[in-house]
Amino acid sequence: MKIKQIFAGKFRRVILFLFDCYVFGMVACAYYISVGLFKSGVALNASETFINAAIILVGILIVRLLMGVYNSVWRYTRTLTYLKLICADIIGTLITAVIMSFTNMFIGLEIFLILAPINCVLTLASRYSYRLFYKHLHKAPTEESKRINVAIVGAGQLGAFLANELLCNHQSTYRPLFFIDKDAQKIGNKVVGLKVYAEDDHIFDLLKIHHVKELFVAVANLDNEEATRLFEFYSKAKCKLKIYDIPVKDFNKDEDPDDKPKVIRDFQIEDLLFRKPMRINNAATRSYYSGKTVLVTGGGGSIGSELCRQIAKCAPKKLVILDIYENNAYEIQQELIRKYGAKLDLAVEIASVRDRDRLDAIFAAYTPDIVFHAAAHKHVPLMEHSGCEAIKNNVMGTFNTADMAEKYGVEKFILISTDKAVNPTNIMGASKRMCEMVIQCRTDSKTLFMAVRFGNVLGSNGSVIPLFREQIKQGGPVTITDKRIIRYFMTIPEASQLVMQAGFMAKDGELFVLDMGKPVKIYDLAYNMIRLSGFTPNEDIKIEEIGLRPGEKLYEELLIKTEHLEKTDNKKIFIERDTPLTREQVRDKLILLRDAVDAAKGEIASPLIKEAMKKAVPTFVDPEKVNKHAERSEEMKMTNALAQQ
């Protein structure tokens with residue numbers, strides 16, 4: 001099937017190429033005949049004329065090929081593709097004219113000024129005609145009575161393109177009636193034959209009069225603040241609200257958004273993140289990771305797998321995925337093989353970071369240049385119950401991996417940490433703070449150790465987003481621990497790319513902190529997710545409080561409020577200058593934790609673990625103490641102020 005598709009693609013390009021040659025030949029013949037008919041006394045030499053025409057054609061076709069004009073599928077083209085063809089013809093004509101001006105074959109500019117433009121116009125006309133004919137031939141018309149009345153929010157270029165597509169598509173189930181826009185210069189005028197109305201409260205009456213069932217938001221460079229405003233404003237209308245944009249799954253990739261195919265899709269919670277999406281420049285980062293052997297522990301997890309995707313784009317010498325859960329490792333392995341094939345030197349090792357001997361063998365075999373340590377237990381309530389596992393996997397696993405990095409001369413070691421390590425109130429957060437101590441104490445090492453802290457990641461395994469979606473799918477209720485609880489969020493690609501940038505920038509074993517933006521109330525998150533699913537919160541689907549879980553606090557502390565933070569070239573990445581402990585001090589803490597684990601053998605959930613963790617991590621406090629004064633915190637005050645705006 002794939003071979004057949006490749007052959008069909010090549011055949012299509014050959015046909016287009018031959019067709020363009022035919023068109024140019026007809027233009028050249030017409031030019032030769034017209035000069036003889038309409039210019040008395042002017043006689044063109046046939047051989048010179050057609051040799052010049054052939055040379056011009058060759059020049060234009062070469063440039064078209066170099067610019068990829070024949071790679072386009074013309075029935076799906078956009079304005080940019082037509083502009084590319086025009087530019088190719090102009091460049092080809094100019095280059096040919098310059099070359100021929102130095103030869104005796106040049107018979108004058110007239111042939112260039114006539115043949116090239118007419119040929120370009122006819123080529124464009126043929127492509128556009130083919131596009132219209134294809135749509136007419138392959139799309140059965142939808143009955144007018146079955147079409148859904150829609151209005152388009154945004155009368156700019158994107159909205160005009162969408163309207164034109166819907167109007168020309170005979171199979172479309174949508175009938176665009178008019179535009180809605182805030183631009184005073186457009187209001188009252190027409191765009192692609194549709195009138196533009198003002199975005200104000202009167203628009204709701206107009207939507208009702210015209211029986212508009214759906215609203216399509218077609219706004220270029222739509223950020224989260226504007227998306228939230230539009231969602232809140234148009235939620236008052238009895239219409240489905242959708243976005244004409246790239247799919248959510250493709251958000252925050254480093255490709256140009258204009259090159260991505262756009263679809264009409266539902267609003268997603270990612271659109272309402274209450275902050276502008278981060279723009280991340282990966283040019284310098286890519287060059288740093290290129291040609292290096294990179295090992296990612298926990299490479300099958302949410303963050304680890306996205307790190308693997310981003311690293312694969314950097315053309316590494318080798319990418320090594322290490323994970324104890326073979327299903328996740330297999331999935332990312334197959335995804336990367338499908339995308340890169342033999343271009344990516346990929347290895348997958350099933351191993352636990354607890355196993356020093358296994359780690360030793362892996363590091364000896366691959367001698368990585370860079371290690372991203374993402375392997376960890378992260379679920380707060382589960383680690384409260386199974387504290388021993390948090391110590392063995394998070395703390396001792398980090399210690400083992402860091403030791404192997406030093407032993408085998410790793411250039412950089414990047415630990416993935418969390419905001420829960422800041423004044424932790426649970427064993428998981430305290431274990432991650434202990435992990436930071438393990439790598440911070442190695443200031444005398446040839447390996448450069450660093451850590452990156454960030455908060456909750458949208459859509460990651462175990463996060464509230466998948467949980468809420470499943471609860472809504474089941475008809476509710478949607479459960480939250482407390483109406484007051486707040487958290488910081490970023491997307492998986494944002495977090496992964498910022499981690500890679502921090503790894504690139506690291507020089508002195510810093511503790512990097514990511515700016516997570518504004519805090520979000522989990523209640524608001526649940527409320528909006530229910531609305532986005534087409535239900536009325538607390539009527540169709542209830543939101544229920546179930547009480548705080550063990551070790552959970554109402555807010556995570558701002559990662560960037562300490563006076564010790566330094567700015568970097570990336571305004572979303574900061575450095576915390578924390579005085580590191582000595583290796584001896586960290587060793588004593590590790591012995592304390594090991595002894596607690598040994599003493600807790602035979603017990604499912606021993607209180608000895610929490611006691612030992614409090615001694616090892618002095619900033620560890622009980623959540624009840626923090627939650628008691630939560631309303632006075634800067635984070636809660638900020639969230640309440642945002643809610644009142």
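Numbers at a glance
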read-out: Estimated FRET transfer efficiency (Val98, Tyr340; beta-carbon r; R0 35 Å; 0.05); value: 0.25
read-out: Within the accessible area of the range 289-419 (1.4 Å probe), percent carbon and sulfur; value: 49 percent
read-out: Members of Lys378/Lys473; Lys242/Lys628; Lys242/Lys473; Lys343/Lys432 lying beyond 30 Å, as alpha-carbon distances in this model show; value: Lys242/Lys628; Lys343/Lys432
read-out: Restraint check, Lys483/Lys553; Lys518/Lys614; Lys262/Lys542; Lys292/Lys313; Lys292/Lys392, Cα-Cα greater than 23 Å; value: Lys518/Lys614; Lys262/Lys542; Lys292/Lys392
read-out: Gain upon complete extension [Leu467, Glu406; 0.36 nm per residue less C-alpha separation]; value: 18.0 nm
read-out: Principal axis dimensions, largest first and in whole angstrom, of the range 268-370 by Cα; value: 47, 28, 25
read-out: Label-reachable residues, the range 505-534, where backbone N falls under 16 Å from a point 7 Å from Thr568's Cα toward its Cβ; value: 505-517
read-out: Nitroxide proxy distance, nm - points 7 Å out along Cα→Cβ at Asp444 and Ala237; value: 6.9 nm
read-out: Förster-model FRET efficiency, 51 Å R0, Ile51 and Ala198, C-beta, rounded to 0.05; value: 0.25
read-out: Percentage of interatomic Cα-Cα distances in the range 443-514 larger than 20 Å; value: 49 percent
read-out: Extension gain (nm, one decimal) between Ile90 and Ile604, 0.36 nm per residue minus Cα-Cα; value: 177.4 nm
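The values are calculated or read from the model by the stated rules, or taken from the named source; none is laboratory data. Just so we're clear, the structure is a prediction, and the values are computed from it rather than from any experiment. For neighbour counting, all protein chains shown are included, and Cβ atoms are generated from backbone atoms with ideal geometry for every residue, glycine included. Side chains are part of the model used for accessible areas, which takes the heavy atoms of the whole protein and leaves out ligands, DNA and RNA. Shrake-Rupley method; radii C 1.70, N 1.55, O 1.52, S 1.80 Å.
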